[in-house]
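Some notes on the structure that comes next.
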Amino acid sequence: MHRPQKFMLLVLSVGLAALGGFLAGCGKAPSSSSSADEGSARPAGKVFVIGMSQCNLGEPWRVQMNADIAAAARQHPDLKVVFKDAQNDTLQQRAHVEEFVSAKVDLLIVSPKEAAPLTEPVARAMDAGIPVIVLDRRLLGDKFTCFIGADNKKIGHAAGEWIKQTLGGKGNVVELEGLMTSTPGQDRHSGFREGIAGSQINVIFEADMKWLEPDARKEMESALSRFPKIDLVYAHNDPGAHGAYLAAQAAGREKEMKFVGIDALPQEGVAYVSQGILSATFQYPTGGAEAITTALKILAGEKVPQEITLGSRLFTKDNVAQGGQALN
Ligand code: FRU
């Protein structure tokens, strides 16, 4: 072969090899490999898929959590969040987590209904290399990437202190509990009992209303029929406090007692305080925005703390106009 011909062939083959490499590179970028180990890579053009398993959307607080997640994710075109709603069914939520693992999502956010049954599917997601952010309610053990939530024990304790002070250290209290197989219910209960310890406050009626307003209303009807003197109702969430208020109102007794709740959504608990329905509510932030900030760090290969604790605020009629007061 003549020299110029040889040279042309060389140029051609180098060119083809470069083109091949380029095409291979192009083909790779959009394919959404889900390996969590490639976190630090965050290749340009890749869209990361986040699976969000929500335990239910029955309460406004959970609708708000999903909205907060969606709003935060919208700021990042390289994130796509797929939501699943388990409709308060633990088995369905377990199945949802498994489905996200089979679909090889890049990261999971789980707000579990109950601690024990969701622990194992989340552990299996971790085994599959999918990082998991647990939001609001805890699991058992520590096999997850990061837990984000407010300190429920502290909120329960602050509620107990506030109630003790407001009632002058004595009185009859009804406690309407959140689902006691979920950790916020357990912590809001134990914190509250510590907060009223040593006082003459008697918890005359205690029932698990499972976070649900209709259940709270029903439980309160039986408390009202059994006890002629009730000074205050402490409910583990605002829907529960509102359900209790409606029961007392139907019995013509709502003015005899005070109502205290937790969540403090602007359109729910805070509005109830402004309207004089609740005497106090404690903020329980959804953590939705923080979950997305944390997800971005994990996907970029950064180390994040295993526990992120969010703050809370107390709202009463005296401070509601000023936006409440931070819990120390
Ligand atoms: C909503 C809710 C909130 C509560 C939280 C506790 O399902 O019941 O009202 O603060 O869950 O996990």
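The values are calculated or read from the model by the stated rules, or taken from the named source; none is laboratory data. Since this is a predicted model, take the numbers as computed values, not measurements. Here Cβ is always computed from backbone atoms with ideal geometry, including for glycine, and neighbour counts include all displayed protein chains. Just the protein is used for accessible areas: all its heavy atoms, side chains included, with ligands, DNA and RNA removed. Shrake-Rupley method; radii C 1.70, N 1.55, O 1.52, S 1.80 Å.
Within segment 266-279, the set of residues being surrounded by fewer than 20 Cβ atoms within 10 Å (Cβ to Cβ) and either within 19 Å of the chain's Cα centre (by Cα) or near the ligand (Cβ under 10 Å from one of its atoms) (or both) comprises PRO266, GLN267. The set of residues from segment 209-231 being without any contact (Cβ under 8 Å) to a residue 24 or more places away in the chain and open to solvent by less than 60 Å² (accessible area, probe 1.4 Å) comprises just one member, SER222. In segment 128-144, of all residues being open to solvent by 30 Å² or more (accessible area, probe 1.4 Å) and more than 16 Å from the ligand (Cβ to nearest atom), the one that is farthest from the chain's Cα centre (by Cα) corresponds to ALA128.
For VAL63, are the conditions met, namely being modelled with pLDDT of 80 or more and within 16 Å of the ligand (Cβ to nearest atom)? Yes; evaluated as a whole, the condition is true for this residue.
Annotation for segment 232-250: no member residue is surrounded by fewer than 20 Cβ atoms within 10 Å (Cβ to Cβ), in contact with a helix residue (DSSP H, G or I) (Cβ under 7 Å, 6 or more places away or on another chain) and either in a loop (DSSP other than H, G, I, E, B) or not assigned by TED's automatic domain parsing to the domain that holds GLU221 (or both). Candidates in segment 87-127 are the residues that are in a helix (DSSP H, G or I) and of a type in the set (Val, Ile, Thr); of these, the one that is nearest to the ligand (Cβ to nearest atom) is THR90. The single condition among (1) in contact (Cβ under 8 Å) with a residue 40 or more places away in the chain; (2) surrounded by 21 or more Cβ atoms within 10 Å (Cβ to Cβ) that LEU167 does not meet is (2).
For first residues located in segment 59-71 and touching a residue at least 24 places away in the same chain (Cβ under 8 Å), partners that are of a type in the set (Phe, Trp, Tyr) and surrounded by 20 or more Cβ atoms within 10 Å (Cβ to Cβ) and lie 6+ apart or on another chain with Cβ distances below 8 Å form the pairs GLU59/TRP211; TRP61/TYR284. Identification of strands (runs of 3 or more DSSP E) wholly contained in segment 258-328 with 1 or more residues that are among the small types (Gly, Ala, Ser) yields 258-263, 280-283.
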